[in-house]
Amino acid sequence: MQLLLVLFTALLWLQASLTKAENIRFESVVERVSVPKSPSQVLESEGLTTFLKAVNQTGLGPLFDGINDNFTIFAPTNEAFQNLNNVSTIFANTGTLETLVLYQVVPGALTTNDIVSQFKTKGVGTLESANNLEILVFVRPNGTILIGTDEASIVTPNLSAGNSVIQVIDRVLIPPVTNFLLGPTVIPTAPPASFTPVSEPPISSFGPPQTTFA
(Lines give C-alpha, C1' and ligand atoms only; values in the text may rest on other atoms or scores of the structure.)
Protein backbone atom coordinates (compact mmCIF):
# COMPACT_ATOMS: atom_id res chain seq x y z
CA MET A 1 0.00 0.00 0.00
CA GLN A 2 2.78 2.39 0.92
CA LEU A 3 4.56 1.61 -2.36
CA LEU A 4 1.41 2.46 -4.33
CA LEU A 5 1.14 5.77 -2.49
CA VAL A 6 4.75 6.64 -3.33
CA LEU A 7 4.20 5.75 -6.99
CA PHE A 8 1.00 7.81 -7.13
CA THR A 9 2.77 10.83 -5.58
CA ALA A 10 5.65 10.52 -8.06
CA LEU A 11 3.19 10.37 -10.94
CA LEU A 12 1.45 13.55 -9.81
CA TRP A 13 4.81 15.35 -9.48
CA LEU A 14 5.84 14.22 -12.96
CA GLN A 15 2.56 15.39 -14.45
CA ALA A 16 2.89 18.80 -12.77
CA SER A 17 6.47 19.17 -14.05
CA LEU A 18 5.45 18.34 -17.62
CA THR A 19 2.55 20.82 -17.49
CA LYS A 20 4.88 23.57 -16.23
CA ALA A 21 7.38 22.84 -19.01
CA GLU A 22 4.63 23.00 -21.65
CA ASN A 23 3.43 26.36 -20.29
CA ILE A 24 6.95 27.80 -20.42
CA ARG A 25 7.43 26.59 -23.99
CA PHE A 26 4.04 28.02 -25.02
CA GLU A 27 4.86 31.43 -23.50
CA SER A 28 8.19 31.42 -25.34
CA VAL A 29 6.47 30.76 -28.67
CA VAL A 30 3.94 33.54 -28.04
CA GLU A 31 6.78 36.00 -27.39
CA ARG A 32 8.48 35.06 -30.66
CA VAL A 33 5.33 35.55 -32.75
CA SER A 34 4.12 38.75 -31.06
CA VAL A 35 2.01 41.07 -33.23
CA PRO A 36 4.01 43.94 -34.82
CA LYS A 37 3.38 47.40 -33.40
CA SER A 38 1.90 50.20 -35.48
CA PRO A 39 3.73 53.55 -35.78
CA SER A 40 1.30 55.08 -33.26
CA GLN A 41 2.03 52.31 -30.76
CA VAL A 42 5.79 52.72 -31.20
CA LEU A 43 5.53 56.50 -30.77
CA GLU A 44 3.61 55.96 -27.54
CA SER A 45 5.98 53.30 -26.20
CA GLU A 46 8.98 55.53 -26.97
CA GLY A 47 7.42 58.45 -25.12
CA LEU A 48 7.15 60.68 -28.21
CA THR A 49 3.94 62.16 -26.88
CA THR A 50 4.13 65.62 -28.48
CA PHE A 51 4.51 64.25 -32.00
CA LEU A 52 1.73 61.71 -31.33
CA LYS A 53 -0.47 64.56 -30.08
CA ALA A 54 0.19 66.44 -33.32
CA VAL A 55 -0.70 63.34 -35.35
CA ASN A 56 -4.01 62.85 -33.55
CA GLN A 57 -4.90 66.55 -33.47
CA THR A 58 -4.69 66.76 -37.26
CA GLY A 59 -6.84 63.69 -37.83
CA LEU A 60 -3.89 61.79 -39.35
CA GLY A 61 -4.11 59.05 -36.73
CA PRO A 62 -5.32 56.39 -39.22
CA LEU A 63 -2.17 56.95 -41.30
CA PHE A 64 -0.08 55.93 -38.27
CA ASP A 65 -2.32 53.12 -37.02
CA GLY A 66 -1.68 50.53 -39.74
CA ILE A 67 1.14 47.98 -39.83
CA ASN A 68 1.06 47.34 -43.60
CA ASP A 69 1.91 50.85 -44.83
CA ASN A 70 5.45 51.55 -45.93
CA PHE A 71 6.88 54.81 -44.58
CA THR A 72 9.94 56.33 -42.97
CA ILE A 73 8.87 58.56 -40.08
CA PHE A 74 11.36 61.13 -38.78
CA ALA A 75 9.82 61.52 -35.32
CA PRO A 76 11.04 64.52 -33.28
CA THR A 77 11.59 64.14 -29.55
CA ASN A 78 9.44 66.06 -27.08
CA GLU A 79 12.44 68.31 -26.39
CA ALA A 80 12.70 69.11 -30.11
CA PHE A 81 9.16 70.52 -30.04
CA GLN A 82 9.89 72.46 -26.87
CA ASN A 83 12.77 74.18 -28.68
CA LEU A 84 10.46 75.55 -31.39
CA ASN A 85 9.84 79.26 -30.85
CA ASN A 86 6.38 79.20 -32.49
CA VAL A 87 5.18 75.77 -31.33
CA SER A 88 1.97 77.12 -29.77
CA THR A 89 1.10 78.95 -33.00
CA ILE A 90 1.71 75.82 -35.05
CA PHE A 91 -0.49 73.66 -32.80
CA ALA A 92 -3.24 76.30 -32.92
CA ASN A 93 -3.53 76.03 -36.73
CA THR A 94 -4.66 72.61 -37.96
CA GLY A 95 -3.48 73.20 -41.56
CA THR A 96 -0.04 74.27 -40.40
CA LEU A 97 0.26 71.36 -37.99
CA GLU A 98 -0.81 68.88 -40.68
CA THR A 99 1.85 70.24 -43.05
CA LEU A 100 4.43 69.86 -40.29
CA VAL A 101 3.43 66.27 -39.47
CA LEU A 102 3.40 65.13 -43.11
CA TYR A 103 6.80 66.74 -43.66
CA GLN A 104 8.25 64.29 -41.10
CA VAL A 105 7.02 61.34 -43.22
CA VAL A 106 8.74 59.90 -46.32
CA PRO A 107 7.16 57.21 -48.54
CA GLY A 108 9.25 54.03 -48.44
CA ALA A 109 10.84 52.41 -45.37
CA LEU A 110 14.48 53.49 -45.01
CA THR A 111 16.93 52.25 -42.39
CA THR A 112 20.05 54.22 -41.56
CA ASN A 113 22.04 51.80 -43.73
CA ASP A 114 19.71 52.56 -46.64
CA ILE A 115 20.20 56.30 -46.16
CA VAL A 116 23.98 55.99 -45.95
CA SER A 117 24.20 53.82 -49.06
CA GLN A 118 22.04 56.26 -51.06
CA PHE A 119 23.80 59.48 -50.15
CA LYS A 120 27.35 58.65 -49.03
CA THR A 121 28.93 58.95 -52.50
CA LYS A 122 28.01 62.62 -53.03
CA GLY A 123 27.42 63.42 -49.39
CA VAL A 124 24.11 65.21 -49.93
CA GLY A 125 20.75 64.67 -51.57
CA THR A 126 17.04 65.00 -50.99
CA LEU A 127 14.11 62.83 -50.01
CA GLU A 128 10.54 63.72 -50.92
CA SER A 129 8.14 64.05 -48.00
CA ALA A 130 4.58 62.74 -47.93
CA ASN A 131 3.34 66.22 -48.85
CA ASN A 132 5.71 66.47 -51.84
CA LEU A 133 8.32 68.74 -50.27
CA GLU A 134 12.08 68.19 -50.39
CA ILE A 135 14.02 67.15 -47.29
CA LEU A 136 17.78 67.68 -47.38
CA VAL A 137 19.92 64.72 -46.30
CA PHE A 138 23.64 64.92 -45.49
CA VAL A 139 25.89 61.90 -45.05
CA ARG A 140 29.47 62.43 -43.89
CA PRO A 141 32.32 60.18 -45.07
CA ASN A 142 32.27 58.54 -41.62
CA GLY A 143 28.59 57.63 -42.00
CA THR A 144 27.08 60.45 -39.94
CA ILE A 145 23.53 61.26 -41.03
CA LEU A 146 22.02 64.75 -40.72
CA ILE A 147 18.44 65.48 -41.77
CA GLY A 148 16.97 68.81 -42.95
CA THR A 149 18.34 72.32 -43.28
CA ASP A 150 18.83 72.46 -39.49
CA GLU A 151 20.80 69.19 -39.65
CA ALA A 152 18.81 67.07 -37.20
CA SER A 153 20.61 64.03 -35.82
CA ILE A 154 19.06 60.58 -35.54
CA VAL A 155 19.16 59.83 -31.81
CA THR A 156 17.26 56.51 -31.88
CA PRO A 157 17.56 54.66 -35.19
CA ASN A 158 15.59 51.97 -37.01
CA LEU A 159 12.54 51.43 -34.80
CA SER A 160 10.36 48.80 -36.46
CA ALA A 161 6.70 49.84 -36.79
CA GLY A 162 4.97 47.23 -38.92
CA ASN A 163 6.29 47.73 -42.46
CA SER A 164 7.43 51.25 -41.58
CA VAL A 165 10.61 52.51 -39.91
CA ILE A 166 10.80 55.26 -37.31
CA GLN A 167 13.95 57.37 -36.99
CA VAL A 168 13.83 59.50 -33.83
CA ILE A 169 15.45 62.91 -34.43
CA ASP A 170 16.52 65.73 -32.12
CA ARG A 171 15.01 68.59 -34.16
CA VAL A 172 11.67 69.21 -35.84
CA LEU A 173 11.92 69.33 -39.63
CA ILE A 174 10.46 72.65 -40.78
CA PRO A 175 8.69 72.54 -44.17
CA PRO A 176 10.14 74.86 -46.84
CA VAL A 177 6.77 76.56 -47.42
CA THR A 178 6.63 80.32 -48.07
CA ASN A 179 3.43 80.88 -46.08
CA PHE A 180 3.88 78.03 -43.63
CA LEU A 181 0.96 79.14 -41.47
CA LEU A 182 -1.34 78.41 -44.43
CA GLY A 183 -0.04 74.88 -44.97
CA PRO A 184 -1.68 72.61 -47.56
CA THR A 185 -3.49 69.37 -46.88
CA VAL A 186 -2.06 66.31 -48.65
CA ILE A 187 -2.85 62.73 -47.64
CA PRO A 188 -0.13 60.33 -48.86
CA THR A 189 -0.51 56.83 -50.23
CA ALA A 190 1.96 54.16 -49.12
CA PRO A 191 4.19 52.96 -52.00
CA PRO A 192 5.47 49.41 -52.57
CA ALA A 193 8.43 48.24 -50.50
CA SER A 194 10.85 48.79 -53.40
CA PHE A 195 9.98 52.50 -53.69
CA THR A 196 12.99 54.74 -52.91
CA PRO A 197 12.47 58.44 -53.76
CA VAL A 198 15.74 60.35 -54.08
CA SER A 199 17.31 63.19 -56.03
CA GLU A 200 20.70 64.81 -55.53
CA PRO A 201 21.32 68.60 -55.60
CA PRO A 202 24.83 70.16 -55.63
CA ILE A 203 27.06 69.76 -52.61
CA SER A 204 26.12 72.03 -49.69
CA SER A 205 28.18 73.18 -46.74
CA PHE A 206 28.30 70.79 -43.83
CA GLY A 207 27.96 71.32 -40.10
CA PRO A 208 29.68 69.37 -37.32
CA PRO A 209 29.14 65.58 -37.33
CA GLN A 210 26.73 64.02 -34.88
CA THR A 211 25.66 60.37 -34.52
CA THR A 212 27.65 57.91 -36.65
CA PHE A 213 26.15 54.87 -38.37
CA ALA A 214 28.19 52.17 -40.09
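The values are calculated or read from the model by the stated rules, or taken from the named source; none is laboratory data. Since the model is a prediction, treat every value here as computed from it, not as a measurement. So basically every Cβ, Gly included, is an ideal-geometry build from the backbone, and we count neighbours across all protein chains shown. Accessible surface is based on the protein model in full, side chains and every heavy atom, while ligands, DNA and RNA are left aside. Shrake-Rupley method; radii C 1.70, N 1.55, O 1.52, S 1.80 Å.
FRET efficiency for the pair Gln82 and Asn56, taken as 1/(1 + (r/R0)^6) with r the Cβ-Cβ distance and R0 = 22 Å, rounds to 0.75.
Inter-label distance, Asn93 to Thr49: 2.7 nm, where each label sits 7 Å from its Cα along the C-beta direction. A simple rule links phi to the HN-Hα coupling: the Karplus curve 6.51 cos²θ - 1.76 cosθ + 1.60 with θ = phi - 60°, which for segment 141-148 gives x, 8, x, 5, 10, 10, 10, x Hz, with x for Gly and Pro. Among the protein heavy atoms, those of Lys37 account for about 100 Å² of accessible surface (1.4 Å probe, every chain in place).
At full extension, Val35 and Asn142 could sit 34.9 nm farther apart than now, given 0.36 nm per residue minus the alpha carbon distance. In the assembled protein chains, Glu134 presents an accessible area of approximately 120 Å² (probe radius 1.4 Å). In this simple spin-label approximation, Val155 and Asn113 carry label points 7 Å from Cα along the Cα→Cβ vector, and these lie 2.6 nm apart.
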